[in-house]
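For reference, the structure discussed in these notes is given below.
The values are calculated or read from the model by the stated rules, or taken from the named source; none is laboratory data. Since this is a predicted model, take the numbers as computed values, not measurements. Cβ: placed from backbone, ideal geometry, glycine included. Neighbour counts: every protein chain shown.
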Amino acid sequence: MIKLLTIIGARPQIIKAAALSKAIRSDFSDRIEEKILHTGQHYDAVMSQVFFEELEIPQPDYNLGIGSGRHGEQTAKMISGIEEVILSEPFNGVVLYGDTNSTLAGAVAAAKQHIPVFHIEAGLRSFNMAMPEEINRIACDQMSSILFAPTQTAMDNLRNEGFLDIEARFKNGKKRQVFNSGDIMYDNSIHFAKFSGRTKILERHSLQPNGYILATVHRDNNTDEPSRLESIFKALLHISNENNIAILLPIHPRTAKLMPGNLSAGLYEKIAHSKLKMVEPVSFLEMIELEKHAKLVMTDSGGVQKESFFFEKPCLILRPETEWVEIVTHGAGILADADFDKIVEGYKTLSEIDVTFPRLFGNGKAAHFILERIMAYSAE
């Protein structure tokens, strides 16, 4: 029996952890014991707790309750708290997801104590070092014993950086391993799409399949800069008015807090009387249902970009670059940044062209692949 510590802190990590936890409980419970640590990076009843309940994830065994703060302050508190937990039980490895401060803190705490780090979503690169996430993911990859890349592009990034050629050894004498596991989010999307209809969210908001646009805006470089937020919402309003189409925008608390001060009074008033409908945050199942039936998705979220691809929906990306470059190179997404003209033109382009969605993110069995490789590594 091996014991794993899964570290999560942000809502997307809760969702990703659901696939691995489900696989452990269903097929590996006699060989793997999982403990879950929530750093508290994003933790509230509306946007976190509901995900645990809806996705049937075991409640965290540890909750550090760190909360928000400056990057250094927040990460330092996490490292200290995680280290205490790591030293309290004989863990065989630490499972990390993505690129948040929780990911970085978990990698540092585990690596310093010579506990193997298993990084899921390794090798992602936006090549924008101004993004905190880019710093986190690069650093975490360097400290990982096993890197699980979700796509061939991620594998290529790791190869280009020498991960497949340079032999790295850890204190336990084992070599670093790198695999293309497929995307664990694809596992979740396939599974939970079967049940998303029971949410009735389309009916609640009077939406017709393929008769609305789904939008999300939450990244700080969009929400914190008034000119960018103004440009995005002007474009959304223009597209809705010109095409007589509803836009549903589940509003992130950060965005809701900043909109009154960062949008001009005139625009804010126009939005209130438009077909741009802002609603409270939605659950994961509700989000899947909205993605499945939208005509098109507009987002600055990496996870939503992927999910739109999983459900074969064109995606307008409200960022200057993306770590999910496959979506753009295959023509299923367009980088529009926060540029009014690019957003409007991008919507027109994606509405008129035929988009294809090849299988880029694996076969929907990433969780089992990952657990089998962790078992093999631990048995060496």
- request: May I ask you to list the residues in the stretch 243-292 that are free of Cβ contacts under 8 Å to residues at least 24 places away in the same chain and of a type in the set (D, E, K, R)?
  value: Lys257, Glu269
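For every residue, the table says whether it meets (1) touching a Pro at 6+ places or on another chain (Cβ under 8 Å); (2) more than 22 Å from Ile7 (Cβ to Cβ).
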position	(1), (2)
Phe118	no, no
Ser126	no, yes
Ala130	no, yes
Gln142	no, no
Thr153	no, yes
Arg159	no, yes
Gln177	no, no
Gly182	yes, no
- line: The lone condition Ser283 fails out of (1) over 17 Å from the mean Cα position of the chain (by Cα); (2) surrounded by 15 or more Cβ atoms within 10 Å (Cβ to Cβ) is (1)
Residue count, the stretch 225-253 (criterion: surrounded by fewer than 17 Cβ atoms within 10 Å (Cβ to Cβ) and within 20 Å of the chain's Cα centre (by Cα)): 1
task: Of the conditions (1) in contact with a Gly (Cβ under 9 Å, 6 or more places away or on another chain); (2) at negative phi; (3) crowded, with 19+ Cβ neighbours inside 10 Å, Gly182 clears all except one; give me its number.
output: (2)
message: Looking at the stretch 309-325 only, could you name the residues that are in contact with an Asp or Glu (Cβ under 9 Å, 6 or more places away or on another chain) and closer than 13 Å to Pro358 by Cα?
response: Phe309, Phe310, Phe311, Lys313
query: Just a yes or no: is a residue in the stretch 180-195 touching a strand residue (DSSP E or B) at 6+ places or on another chain (Cβ under 7 Å), β-branched (Val, Ile, Thr) and in contact (Cβ under 8 Å) with a residue 60 or more places away in the chain?
result: yes
query: Just one of Ile8, Ile66, Ile2, Ile79 is more than 19 Å from the chain's Cα centre (by Cα) and under 19 Å from Ile146 (Cα atoms); which is it?
result: Ile2
- request: Report those helices (runs of 4 or more DSSP H) wholly inside the stretch 1-116 carrying at least 3 residues which are surrounded by fewer than 19 Cβ atoms within 10 Å (Cβ to Cβ) and at pLDDT below 90.
  value: 50-54
